[in-house]
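Q: Have a look at this one before I ask anything.
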Amino acid sequence: MLAYLIRRLFAAVVMLVVIVVVVFSIFFLIPKWAGVDVALSFVGKQADPAAVEGVRQKLGLGEPIYAQVWEFFKGIFVGRTYSGGGDVTECAAPCFGYSFRSEQAIWPVLTDRFPVTLGLALGAAVLWLLFGLAAGVLSALKRGSLWDRGAMIVALAGVSLPIYFTGLLSLAIFSYGLGWINGEYVPLEDGLSGWLDGMILPWITLAFLYAAMYARITRATMLEILGEDYIRTARAKGLREPVVIRKHAMRSTMTPILTMLGMDLGALIGGAILTETTFSLPGLGQAVLNAIKNQDLPIILGVTLITSLAVLIANLVVDVLYAVIDPRVRLS
Amino acid sequence: MTAPLHEPTAEAAPSAAEEAALVGGDAKAVQGRSLGRIAWERLKRDKLALAGGIVVLFLILVAVLAPVITSLVGQDPEAHHEDLIDPLFGTPVGSFGGISGEHWLGVEPVNGRDIFARIVYGARISLLVGFLSAIVAVVLGTVLGVLAGFFGGWVDTVISRVMDGLLAFPQLLFIIALVSVMPSEMLGLTGTGVRLFVMILVIGFFGWPYIGRVVRGQTLSLREREYVEAARSLGAGRFYILFKELLPNLVAPIIVYTTMMIPTNILTEAALSFLGVGVKPPTPSWGQMLSSAIDYYDSDPMYMVIPGVAIFITVLAFNLFGDGVRDALDPKGSR
């Protein structure tokens with residue numbers, strides 16, 4: 001178990017390095033190949049040549065890409081000093097980069113916005129697991145019934161609806177039309193009820209989409225597993241049906257669901273870009289989208305790294321949980 | 001749904017069918033049916049899948065005939081009708097977003113462009129990106145998946161690691177980043193052309209591991225079958241086995257994953273245009289219309305509902321059809 005964990009952690013670190021290199025390549029090599037000066041995208045639109053040259057020196061953009069990646073990682077642990085063009089900018093550890101566009105270090109941006117996204121992702125996950133799994137299991141057990149068909153039609157509609165449409169629709173109905181909800185984001189520190197009021201629509205909208213997906217997968221997996229030999233064995237040895245379902249069928253149904261949960265949750269924690277844009281939630285997703293529009297590369301780099309980290313950690317946790325849930329899985 | 005398929009009879013029948021063929025009578029005798037035939041018959045009985053398929057065909061027609069349709073109606077997707085806009089609020093004059101005999105689905109706020117014409121033209125963008133990026137993904141996924149499964153060894157290791165890595169990537173983020181960083185002119189294309197080209201490539205690129213994994217798994221198991229071994233012992237070359245023995249058996253899963261991938265790609269395109277990194281106005285795209293509708297969700301809700309419903313119907317139709325195809329091609333399926 002320990003050896004497995006160490007190996008997985010090592011693989012995760014390698015993956016992170018790969019991701020940073022890829023991000024660097026996307027933002028540094030593609031413009032180069034297209035004949036656009038990278039330094040230009042770090043300064044304002046009305047940049048004079050001296051300022052561009054200063055930024056180039058400050059950020060070490062003239063250095064080869066591996067040296068830049070190395071500087072970036074070093075900055076996370078020991079901080080970084082950007083100097084060049086006459087002035088010096090300090091970026092304390094953990095330095096995830098410094099945005100010369102918006103004149104701020106990246107780490108505080110990340111820590112400011114992370115709780116918003118985390119709250120959104122976790123709240124929605126609780127809802128969609130609850131409803132998605134329940135609907136899927138019930139449908140599988142009552143296959144072909146009216147409930148099954150109804151639930152599956154709703155689920156199919158759910159996966160076909162873009163979240164920014166259901167989000168806008170819910171805002172138009174519940175916030176503007178009925179006036180039940182204010183719909184403005186309020187930080188948790190400023191009061192629980194305001195926070196809940198701002199989060200309830202994003203949660204429900206996001207959870208609806210994922211609950212639909214999870215219900216479909218749960219139903220399909222459960223149906224397949226109910227046809228397995230060991231379920232017949234369990235029934236044959238006289239176990240009562242609820243025990244067969246709970247102890248034998250549910251456990252193996254959970255494994256693919258967990259895989260999905262790990263990926264989805266990881267991706268969402270790294271920024272629910274669409275949901276945050278629709279509901280104007282000040283989370284990581286909104287930050288990275290704004291950064292992409294402004295070509296603010298350091299922020300993109302920072303958020304991408306956090307996103308990837310979240311995905312990797314979520315996957316790792318899921319893999320360990322496998323062994324707990326499914327007795328057939330042994331980690332080695 | 002539960003009508004019997006007579007599969008056992010069909011399997012036991014080849015000699016009878018051959019006999020019938022020899023004698024010349026074909027209709028009455030029990031015939032062996034190909035997998036494709038069985039699948040088609042199953043699909044025909046699936047009402048929902050058929051409905052989905054018909055809507056998909058209809059949408060393809062609309063997309064192809066967009067210029068004809070709009071000129072018949074007498075509307076241009078990029079023409080402004082400022083006279084139909086309330087100068088004070090910027091919203092269309094009249095109820096339901098300015099719906100009238102002339103403008104069937106109303107007009108856009110501020111500039112008064114005809115929504116019907118824009119929806120019709122928007123179908124082109126959605127379907128074009130949906131289909132072409134699926135093709136990119138299928139070609140890449142099939143080639144690399146077969147290579148990994150067939151050759152094994154380090155080829156398999158490298159391709160599998162790349163697939164795992166790509167699947168663990170924060171995809172939407174990378175798609176947005178890649179699309180936004182691409183140059184505005186390349187390969188003789190400009191503006192919307194470049195954006196479409198880049199979107200198709202990038203969406204397709206992030207889609208191939210899904211197909212690649214399935215194809216690899218199938219190839220791995222097919223490679224060990226007796227009939228492949230038989231071909232090999234008869235002296236068949238690698239490429240003969242690859243193309244004549246393996247690929248025909250991979251067609252079913254590839255078709256299933258392709259049909260399921262198209263709606264996802266359509267949603268991704270809409271999302272990119274919604275986020276402002278995909279197709280830009282005045283070129284009409286459903287996602288981009290929804291994004292402009294954000295500012296009017298209270299004053300002109302119809303503007304948001306129409307492109308939203310267009311995306312919903314399109315994706316739902318593809319999903320219904322895809323589910324039907326999957327059930328029809330599934331050898332274990334009981335339907």
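Q: So if a site counts as exposed when it's one of the GluC sites (Glu not before Pro), its DSSP state isn't H, G, I, E or B, and it has at most 15 other Cβ atoms within 10 Å, what's the longest stretch of chain A without one?
A: A:229-332
Q: Mind pulling up the Rg/Rh value for the range A:128-273? Radius of gyration and Kirkwood radius, both on Cα.
A: 1.08
Q: Search the structure for amide H atoms under 5 Å from the amide H of A:Q295, placed 1.01 Å from N in the peptide plane, and list their residues when 5 or more places away or on another chain.
A: none
Q: Ok, one more. Using a Förster radius of 22 Å, what is the FRET efficiency between B:I54 and A:T259 based on their Cβ-Cβ separation? Nearest 0.05, please.
A: That gives a FRET efficiency of 0.05.
Q: As a test of the formula, what do you get for chain A when each DSSP H run with n ≥ 4 contributes -39,500 (n - 2.57) and the sum is divided by the residue count, at 222 nm and rounded to the nearest 500 deg cm²/dmol?
A: Mean residue ellipticity at 222 nm (helix-derived): -22000 deg cm²/dmol.
Q: Based on other C-beta atoms within 10 Å, arrange A:I65, B:I203 from fewest to most.
A: Lowest count first: A:I65, B:I203.
Q: Pop out the ³J(HN,Hα) list for the range B:154-162 in order, Karplus 6.51 cos²θ - 1.76 cosθ + 1.60 with θ = phi - 60°, rounded to Hz; leave Gly and Pro as x.
A: Residue by residue, the range B:154-162 yields 5, 4, 4, 4, 4, 5, 5, 4, 4 Hz.
Q: Relative contact order for chain A using alpha-carbon pairs under 8 Å, separation at least 6, rounded to a whole percent?
A: 21
Q: Take each of the peptides B:40-52, A:117-129, average the number of other beta-carbon atoms within 10 Å over its residues, and list them starting from the highest.
A: The packing order, highest mean first, is A:117-129, B:40-52.
Q: In peptide A:154-161, what is the residue-averaged number of other protein chain Cβ atoms found within 10 Å of each Cβ?
A: Mean partner shielding for this stretch: 5.
Q: While we're here: Tell me, in nm to one decimal, what length is gained between B:A230 and B:V64 on full extension, where the rule is 0.36 nm per residue of separation less the Cα-Cα distance?
A: 55.0 nm
Q: Can you list residues from other chains, or at least 5 along the same chain, whose modelled amide H is less than 5 Å from the amide H of A:Q104?
A: A:S99
Q: Give me the inter-chain shielding for B:160-171: mean count of other chain Cβ atoms within 10 Å, whole number please.
A: 5
Q: Counting other C-beta atoms within 10 Å, which of A:D148, A:D112 has the fewest, and how do the rest follow?
A: A:D112, A:D148
Q: Starting from 0.36 nm per residue, how many nanometres of slack lie between A:A220 and A:V18 once their C-alpha separation is accounted for?
A: Extra length from A:A220 to A:V18 when fully extended: 69.2 nm.
Q: What's the magnitude of the charge dipole for the range B:191-335 around its Cα centre, counting Lys and Arg as +1 and Asp and Glu as -1 at the beta-carbon? Answer in Debye, nearest 20.
A: For the range B:191-335, the charge dipole is close to 680 debye.
Q: Same structure, new question: Taking each pair of distinct Cα atoms in the range B:197-294 once, what is the resulting Kirkwood hydrodynamic radius in Å?
A: The answer is 16.2 Å.
Q: So who's got an amide H within less than 5 Å of the one on B:D86, skipping anything under 5 residues away but keeping other chains? H placed 1.01 Å off N, in plane.
A: Residues meeting the amide H criterion: B:T91, B:V93.
Q: Among A:S193, A:A172, A:A220, which residue has its Cα furthest toward the positive end of the charge dipole of the range A:170-229, with +1 on Lys/Arg Cβ and -1 on Asp/Glu Cβ?
A: Result: A:A172, furthest along the dipole toward the positive end.
Q: So for the pair A:L29, A:E228, with labels modelled 7 Å out along Cα→Cβ, what separation do we get in nm?
A: 4.3
Q: Taking the range B:169-249, which trypsin sites (Lys or Arg not before Pro) meet the DSSP loop condition and have no more than 15 other C-beta atoms within 10 Å?
A: B:R225
Q: Hey, any idea what the orientation-averaged projected area of the convex hull of chain A's Cα atoms comes to, in nm²?
A: Orientation-averaged projected area of the Cα hull: 22.1 nm².
Q: Give me a comma-separated list of calculated 3J(HN,Hα) values for the range B:254-267, in order, Karplus coefficients 6.51, -1.76, 1.60 applied at θ = phi - 60°, integers in Hz, x for any Gly or Pro.
A: Here the 3J(HN,Hα) series is 5, 4, 4, 5, 5, 5, 7, 7, 4, x, 4, 5, 4, 5 Hz.
Q: Considering only A:F10, A:F24, A:L321, whose Cα is most displaced toward the positive end of the charge dipole of chain A, charges sitting on Cβ of Lys, Arg (+1) and Asp, Glu (-1)?
A: A:L321
Q: Using the membrane-span-like helix rule (whole DSSP H runs, Cα extent along the own axis of at least 18 Å, mean Kyte-Doolittle hydropathy at least -0.5), which helices of chain A qualify?
A: A:2-24, A:65-78, A:106-141, A:146-160, A:192-226, A:250-269, A:297-325
Q: Another question about this same structure. Using only the C-alpha atoms of the range A:159-212, find the volume of their convex hull and express it per residue in Å³.
A: Convex hull volume per residue, Cα atoms: 73 Å³.
Q: Here's another thing I want to ask about it. With 10 angstrom as the radius, rank A:S160, B:S292 by how many other C-beta atoms surround their C-beta, starting from the fewest.
A: Sorted ascending by nearby Cβ count, the order is B:S292, A:S160.
Q: Placing +1 at every Lys and Arg Cβ and -1 at every Asp and Glu Cβ, with all other atoms neutral, what dipole size does the range A:123-257 have around its Cα centre, in debye to the nearest 20?
A: The dipole magnitude comes to about 1020 debye.
Q: Would you mind computing, in nm to one decimal, how far apart the modelled labels at A:T89 and A:E189 are, each placed 7 Å from Cα along Cα→Cβ?
A: Output for this residue pair reads 2.5 nm.
Q: Next up: For the range A:173-183, take each phi angle, set θ = phi - 60°, evaluate the Karplus expression 6.51 cos²θ - 1.76 cosθ + 1.60, and give the result in whole Hz per residue in order, putting x for glycine and proline.
A: 7, 7, 8, 7, x, 8, x, 6, 10, 6, x
Q: Shifting gears a bit: Assign unit charges at the C-beta atoms only (+1 for Lys and Arg, -1 for Asp and Glu), then state the dipole size of the range B:153-237 relative to its Cα centre in Debye, rounded to the nearest 20.
A: Magnitude of the dipole: close to 60 debye.
Q: Across the residues of A:168-177, average count of Cβ atoms on other protein chains within 10 Å?
A: Rounded to a whole number, the mean comes out at 4.
Throughout, read-outs are computed from the coordinates displayed, never taken from laboratory work. Note that the coordinates shown come from a computational prediction; the quantities given were computed from them, not determined experimentally. Quick reminder, even Gly has a Cβ in these numbers, built from the backbone with ideal geometry, and neighbours come from all protein chains shown.
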